[in-house]
Structures are given as structure tokens and as C-alpha cells.
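Working notes, structure below.
The values are calculated or read from the model by the stated rules, or taken from the named source; none is laboratory data. Because the structure is a prediction, the values reported are computed rather than measured. For neighbour counting, all protein chains shown are included, and Cβ atoms are generated from backbone atoms with ideal geometry for every residue, glycine included.
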Amino acid sequence: MIRKVCDCRFLLTIRCFLDNKFILAILYLYQFRFDSILGYLTSGRVRLMALVVQKYGGTSMGSIERIKNVARRVAKGFDEGNEMIVVVSAMSGETNKLVALANETCEFPDLREYDVLVASGEQVSIALLAMTLIGMGYKAKSYHGWQVPIITDSVSSKARIEEIPDDKVRADLKDGVIVIVAGFQGIDRQGNVTTLGRGGSDTSAVAMAAALKADVCEIYTDVDGVYTTDPNICSDARKVDKISYDEMLELASLGAKVLQIRSVEFAKKYNVDIHVRSSFNDNQGTIVTKEDKEMEAVLVSGIAYDKNEAKIAVMHVPDKPGIAAKLLTPLSDANISVDMIVQNVSMDGFTDFTFTVTKADFKKALQITGDAAKVVEAKEMISDENISKISVVGVGMRSHAGVATKMFQALAAEGINIQMISTSEIKVSVVIDSKYTELAVRVLHDAFGLSGK
């Protein structure tokens, strides 16, 4: 893709002239039409070579045959005249195996060593892809995150990217090398290997695109775009052609598995358009970009769900200033993010305090909250892992009323009880019993008319 406007035939025409292949060039000119080329030249938008960042997930890299398929896609982009940076994940299932090994060592593995372990999965995939491309006759070079380097903070397992010096990569691109970068990992300023959290390869790719001012960032997955909800639950889910950064941020944070939330944050901050596509077909996917009036006209863009949450309730705590801080500060100090928070109306000077965390953090959060509950002299603590969060998302909600009412009525009609509620200007989320997850998604998808049929 050349600035999204320059036809590949135009590139071929220019190349033929440069190579003194005048007859072939004239044929391409005839196909492309001289007036179109003149239009490009006078528009000032022509760029003979685009910088493309592509990211391939674990499913796309899941076997040697699939790696060969990725190599063919990358080679096609290079042959069209583009500079190519490829960010890849570990082969499917490998990171899970490494995490399982870590968990066998002890209940709470040391996080520095955890990062060293789980970062090894990408080392295999970058080398295999580089070997494949070299075997096909292309110049390719693989980089670990620390070799680029992708510099992060020092929060092990949840690091954030701070800086990406681009000297090495630009030198390789100038030399006609296809650059392959390990996603999900980086290095802090003390020289420690760090990882960006599950799904972090998305963030690696967008950050590379931002740092090198790429023309486009293509995220290849096993689905061909962003859907109105999970097609595995709703067979009539519709693919969205274009979605705003804010909507995608909400969907990513609410359980949609298409993109990691921090990758969308990066894209919004640095104005990087993301094209979500499938690595198994050539279909156009979904563009994640700036909000426009067309998006605002759509009331609801999607229904998201997240089964990866657990609820902790601290019962009968004193209703006075500072209690919430005493309960939540130890969790923050342990780098545990709290999602939804509800505090009940005070009764006789006491209240109940309820919040949700991810299931990955649940055991540790339970232990920390138990200690904090003793400090604030809570009566008891209750927890529940059998919950799901269901969310309705859409930028159109900013200017339309009644979304929450329709959502609550649709769930009530199916006898689905709401345990917690959270809202923002473009989303409404509720916590329900996990056994009703699929039913709730289908009911809300129908209620808001999101069917593709």
C-alpha cells in the first residue's frame, strides 16, 4: 500500500523506465492511464516506496507451512516495492507452555525470570521466518526486542514501551533487508529482558510503526477484521469496515481479543491507522482510525464480553474517608489493575466495597485484599470467579439516550440478573453470572440490530 493511493502498476511503470524496459513501461502506462499518473504527480502524494509494518500472531505462525504462508505474504509486499518490517508472535501454544512451566516452579514465580522465560518463544519464530525468506532468495534479518532495541520501563510482565531508536532498522531497510522483530518483548534501561503482557506483539507492531513513521500497520490474525461481536457466539455477527480508536479501546479493554488495548492506545496517541486482516485470505479487514461523522451516526458498534474476570467483595467496612485507598493501594503497589468498583450506600456507618480483577491476578489479589481487610476491620470477604462482563459499545451513545435502558430491559426479559454496572460516555458494562454469557451476547446483539443479515 503506497500512502493508500498509489497504484502498484504506477510503481511497476516507474521501475521499468528506470531499468530501460521501455516497451513494458508503455504497456503499463496504457493500463494505468497517463492522466492517472499525471494526477498523482501533481497531487504531491506520490511516494515510490512505502514503509509497511506487518504483525502476525501465533496462529498465523503455528506451523512451518503457516510460516511459509507468512513468508509469501511478506515477499509479495516487498516485491510491490515496499520496505517491510515484520513483527511476529511465538508459535501458537508455545507461550502457554512456557507459562505453565513457570507456574510449576512455584505459586508466584519471580517476574524478572518469568520474562526471561516467556520471551524465548518469539526467538524461535523470528529465526524460522528469517530462514524461510532467505531460502526464498530475499535478504532478511531477525531481531530480539533487546536488539532493536525496544526500550521499556521496568515493570516485569506488564512493561510499557518508552523509546525505540530506529538507526539499526533504517540501515537494514536502506540495504533492502526485510526486518523481522520479535513481538511482546523489550529491554529496560538496566538491561533486563521485559515483556509487554499477553497480546503484546500488537503493541510492538504499532510502536514500531509509530517510531519509524510507517505508512500503514497491518495486524494479521485468524479473523478477517473486527466484528459486531464474537462470530462463534452469533453466527450473524457483521464485520465492521471502520471503527474509531475510542471504540476499539473500549472493545479491547472489555474482552474483545482482536487487539491488545495498549496497541490501540499507541495508535491513537501517534495517529497510526491499523488495518486488522486475516493471514488466511486476501479480504479487506477493518480500519481502526480517527473518529468521523459517519461513525457517530451508528448508535452501537459492538457487543463485547469478558469471562476473564473475578469479583472480590469486602463486607461491612467503616464508611469513612481513606478506606477505599487502604483497600486498593496495596493492589496498585503489586501492579494489579482493578476494573469495576462498586460501593454500597452506607448503613449505620458501614458499607460494602466490591471490585473486579483479572483471573490471572485473582489469587494474588485475594491474598493482598485479605490482609488489607484486616487493617480496615472488615467483617468478611467474599469472592466469585464465576462471573462475566458484558458491554455495549458505540460512539453514537454520546448523543443518543436510552442505551442503558434497552440493555437492562433485554437482559431482564431473559431473567439475567445484573450484579454490577459501569458506564462511560461510549459504553455500558454489566457483570452477570458467567453461565448466561452467550445468551446475554446474543440477546443484546439482536436488541441493538447488529445482525449482518
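Quick one: would you say I387 is within 26 Å of F108 (Cα to Cα), of a type outside the set (D, E) and touching a helix residue (DSSP H, G or I) at 6+ places or on another chain (Cβ under 6 Å)? Yes, satisfied. Taking A159, is it aliphatic (A, V, I, L, M), closer than 26 Å to L117 by Cβ and assigned to a loop (DSSP other than H, G, I, E, B)? Against the criterion (aliphatic (A, V, I, L, M), closer than 26 Å to L117 by Cβ and assigned to a loop (DSSP other than H, G, I, E, B)), A159 qualifies.
Residues considered: D361, D352, D333, D339. Of these, the only one that is farther than 24 Å from I432 by Cβ and either of a type in the set (D, E) or at pLDDT 95 or above (or both) is D333.
Each residue in region 353-372 was checked for being within 19 Å of S253 (Cα to Cα) and outside any helix (DSSP H, G or I), and 4 pass. When both residues are 6+ apart or on different chains and their Cβ atoms are under 8 Å apart, which pairs have a first residue that lies in region 197-216 and is without any contact (Cβ under 8 Å) to a residue 60 or more places away in the chain, and a second that is in a loop (DSSP other than H, G, I, E, B) and among the charged types (D, E, K, R)? Pairs found: A211/D166.
Scanning region 120-177 for residues that are polar (S, T, N, Q) and over 24 Å from F78 (Cβ atoms) yields S120, T152, S154, S156, S157.
The rows are residues; the columns are (1) more than 11 Å from the chain's Cα centre (by Cα); (2) assigned to a strand (DSSP E or B); (3) of a type in the set (V, I, T).
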| site | (1), (2), (3) |
| --- | --- |
| S201 | no, no, no |
| A209 | yes, no, no |
| E218 | yes, yes, no |
| T229 | yes, no, yes |
| I233 | yes, no, yes |
| A252 | no, no, no |
| K257 | no, no, no |
| R277 | yes, yes, no |
